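The values are calculated or read from the model by the stated rules, or taken from the named source; none is laboratory data. Note that the structure is predicted; figures quoted are calculated from it, not measured. Because the Cβ atoms are built from the backbone with ideal geometry, glycine has one as well, and the counts that use them run over all protein chains shown.
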Amino acid sequence: MTLTARIEHRFRNFRLAMEFTISRPGLTALFGPSGSGKSTCINLISGLLKPENGYIEINGRPVFDSASGLNLPARRRRIGYVFQDGRLFPHLSVNRNLDFGARRSLEPPSPAERGHVVEMLGIGHLLERRPATLSGGERQRVALGRALLMKPSLLLLDEPLAALDQARKAEILPHLERLRDEARIPIVLVSHALDDVARLADDIVVVNEGRSVAAGPVEEILSRLDLLPLTGQSEPMSVITAAVLHHDVEGGLTELGFDGGRLWVARIDADRGAQVRLRIAARDVMLALEPPAQISATNMIYGHVAEIRSGPGPYCDIRMVCGGSILLARITRRSAERLRLAEGREVIAVIKAVSVNRRAGAMPTLNRPAG
């Protein structure tokens, strides 16, 4: 399940030159500000636009090669595409919109496969309705179902959440998480919303002024201090994948383990062993040289300073390595000087608050540590 794209295209006042590879199933976000070339990129990949130069390969199958003159039409690329507005056929029922996707598949889905898609997206009760009677979130879920029933090799999502209000976004996010975990095909999501990317993406390609400037796992890219101006983060945050270890029912807490330590958070509804996505704001991390005594917080993670970078105003950002994970802290420069922080110095991160997302569909909640 791979996508390789090396594409160049020029408009009158804009030049796009991007190169990236997706080598595993899951969700990859093309992330960057509006006008950076994200939607143009997936239009070139899908065949809706023809690149001036480059090469595109999906699962080892070339679909575009400017050197040889190969340019498969969009209908032969086996790509599912969901637009920002869904673009359902207004005169057809939900059921018949789904039928349209199934008929475009080279191998029509079985009744069981169709049923799984309907159940995964929670649209079984909508099948006889027309698009005009659906909410924005419902329309997007139907559009996803139609694209999946094409049995595509690649799924492209162009800002599917951008036109939704918070209530409709909350409705569709768990379905996108489940889609990411169960679809077993590469999914490319175009987005300029950092919270959505941090919640959904396995990998990120950062796009700026028509170029791919960085690519890699979400945990790695969002922890890079040099990318803060491009990711648009007003404050840095760490993204960590952890596993549920234990529930303290009486205390209302859940213990999570990750490659770097353990954290207690307010209890979350997840089975032991389930993976969760942690988002830790740098402002919620304090640093100490020795274990603090007589404080309420019990979340203390040991590591060493890997990078110090000046932040806005009186602050500086600290990147610390904790086992195989990265934690970011934002403290004052005065505090950094008082602690004599330097690269390689061993420190203890005292974490005040953790935002937790279940990989399998729980809504984001702010969880404060024990103490």
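For the structure I just gave you, tell me whether D196 is buried (at least 19 other Cβ atoms within 10 Å of the Cβ), touching a Ser or Thr at 6+ places or on another chain (Cβ under 6 Å) and closer than 18 Å to G26 by Cα. Write out each step before concluding.
On the way: buried (at least 19 other Cβ atoms within 10 Å of the Cβ): yes; touching a Ser or Thr at 6+ places or on another chain (Cβ under 6 Å): no; closer than 18 Å to G26 by Cα: yes.
No, not satisfied.
Taking the listed residues L155, L164, the one that is of a type outside the set (G, A, S) and touching a strand residue (DSSP E or B) at 6+ places or on another chain (Cβ under 6 Å) is L155, with no other qualifying. Among the residues here, S39 qualifies as closer than 29 Å to L126 by Cβ and either surrounded by 17 or more Cβ atoms within 10 Å (Cβ to Cβ) or modelled with pLDDT of 95 or more (or both). Does the range 324-339 contain any residue that is in contact (Cβ under 8 Å) with a residue 60 or more places away in the chain, of a type in the set (S, T, Y), outside any strand (DSSP E or B) and surrounded by fewer than 20 Cβ atoms within 10 Å (Cβ to Cβ)? No - not one qualifying residue is present in the range 324-339.
Looking only at residues that are loosely packed, with under 14 Cβ neighbours inside 10 Å and not basic (K, R) in the range 81-107, which one is farthest from L148 (Cα to Cα)? The qualifying residue farthest from L148 (Cα to Cα) is H91. The sole residue among I268, I240 that is crowded, with 16+ Cβ neighbours inside 10 Å, farther than 30 Å from G210 by Cβ, in contact with an Asp or Glu (Cβ under 7 Å, 6 or more places away or on another chain) and not aromatic (F, W, Y) is I240.
Contact map, the range 140-168: first residue among the hydroxyl-bearing types (S, T, Y), second residue surrounded by 22 or more Cβ atoms within 10 Å (Cβ to Cβ), Cβ cut-off under 6 Å, separation 6 or more or different chains; pairs are S153/I58. Candidates are the residues of the range 29-59 that are among the aliphatic types (A, V, I, L, M) and in contact (Cβ under 8 Å) with a residue 40 or more places away in the chain; the one that is nearest to D158 (Cα to Cα) is I42. Residues considered: R277, R309. Of these, the only one that is at pLDDT below 90 and in a strand (DSSP E or B) is R277.
So if I check each of S110, S135, S66, which one is within 26 Å of T40 (Cβ to Cβ) and either of a type outside the set (V, I, T) or touching a strand residue (DSSP E or B) at 6+ places or on another chain (Cβ under 9 Å) (or both)? Full working, then the answer.
Working: S110 fails: within 26 Å of T40 (Cβ to Cβ); S135 fails: within 26 Å of T40 (Cβ to Cβ).
It is S66.
Name the single residue, out of those in the range 164-181 being of a type in the set (A, V, I, L, M) and over 16 Å from Y81 (Cβ atoms), that is surrounded by the fewest Cβ atoms within 10 Å (Cβ to Cβ). Steps first, answer last, please.
So the first thing to find is which residues in the range 164-181 are of a type in the set (A, V, I, L, M), and the list is 164, 167, 170, 172-173, 176, 179.
After this cut, where a residue has to be over 16 Å from Y81 (Cβ atoms) as well, the list is 164, 167, 170, 172-173.
Numbers: L164: 20, A167: 10, A170: 13, I172: 23, L173: 22.
Among residues in the range 164-181 that are of a type in the set (A, V, I, L, M) and over 16 Å from Y81 (Cβ atoms), the one surrounded by the fewest Cβ atoms within 10 Å (Cβ to Cβ) is A167.
Note on the range 114-212: no enclosed strands (runs of 3 or more DSSP E) hold 2 or more residues that are modelled with pLDDT of 90 or more and more than 24 Å from S34 (Cα to Cα).
Of all residues in the range 87-112, which are within 24 Å of L3 (Cα to Cα) and touching a Leu at 6+ places or on another chain (Cβ under 9 Å)? Please lay out each step first, then the result.
Of the residues in the range 87-112, the ones within 24 Å of L3 (Cα to Cα) are 101-102, 104-109.
Those that are within 24 Å of L3 (Cα to Cα) and touching a Leu at 6+ places or on another chain (Cβ under 9 Å): G101, A102, R104, S105, P108, P109.
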